[in-house]
Amino acid sequence: MDNIKKDVWLAIHSTQHFEGCEPEQIDLMTEARLYRRNGKYYISYEESELTGLEDTRTTVKIAPEGVTMIRSGKYPSEMLFLENQRHVGLYQTEYGQAMTISTHTSHIRSTIGEEGGMLALDYSIEVDNNLAGEHHFEMLVATEPFAEA
């Protein structure tokens, strides 16, 4: 299996449900880099002001065993998504403090390959052992620009 590296386009749709609040939605289209190394796919892109994570690079690693989301730059963090498992990590805040964040992944779906595809994650997040919300994250990866809606 050869390593690949190519420029792609991303359409990201994220919905977050917090107790007692209206759902928050983020829709983002951006350029990214898709690459494959050692049988795993990686998608790397720059966050924007829209996500509140400007000056941050996000890399999503898709492996047969699960998905890892690594953020570097202004707000470094790493979240691991393994279906039907809980993972504890640290999340750097804008105030310079790290919070304990736990993810519990209920569902992972991926068709990511050389020509793009789709990744979907359903998970809950706990902050300092308190349920913070339910999340649905979808990423479409294409080798051609998306048509305007």
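The values are calculated or read from the model by the stated rules, or taken from the named source; none is laboratory data. Since the model is a prediction, treat every value here as computed from it, not as a measurement. Every residue, glycine among them, receives a Cβ derived from its backbone with ideal geometry; neighbour counts consider all protein chains shown.
Observations
- Residues that are in contact (Cβ under 8 Å) with a residue 60 or more places away in the chain and out of contact with any Asp or Glu (no Cβ under 7 Å at 6 or more places or on another chain) were ranked within region 16-30; the one that is nearest to Thr105 (Cα to Cα) is Phe18.
- Here region 1-30 is the region considered, the condition is being assigned to a strand (DSSP E or B), touching a Ser or Thr at 6+ places or on another chain (Cβ under 9 Å) and not hydrophobic (A, V, I, L, M, F, W, C), and the residue that is farthest from Ser44 (Cα to Cα) is Glu24.
- Which listed residue is polar (S, T, N, Q) and at pLDDT 85 or above, from Gln97, Gln85, Gln92: Gln85
- Hey, Glu83 loosely packed, with under 15 Cβ neighbours inside 10 Å and touching a residue at least 24 places away in the same chain (Cβ under 8 Å) or not: no
- Of the candidates Thr103, Thr58, the single residue that is within 19 Å of Leu140 (Cα to Cα), at pLDDT 85 or above, under 15 Å from the mean Cα position of the chain (by Cα) and hydroxyl-bearing (Ser, Thr, Tyr) is Thr58.
- Answer residue from region 121-140, given it is more than 19 Å from Asn84 (Cβ to Cβ) and within 11 Å of the chain's Cα centre (by Cα) and is surrounded by the most Cβ atoms within 10 Å (Cβ to Cβ) among those: Met139
- Within region 121-149, the set of residues being in a loop (DSSP other than H, G, I, E, B) and touching a residue at least 12 places away in the same chain (Cβ under 8 Å) comprises Asp128, Asn129, Thr143, Glu144, Pro145, Phe146.
- Pair list, Cβ under 7 Å, 6 or more apart: region 101-120 residue in contact (Cβ under 8 Å) with a residue 12 or more places away in the chain and crowded, with 17+ Cβ neighbours inside 10 Å, other residue assigned to a strand (DSSP E or B) and among the acidic types (Asp, Glu): Ser102/Glu126; Thr105/Glu83; Ile108/Glu83
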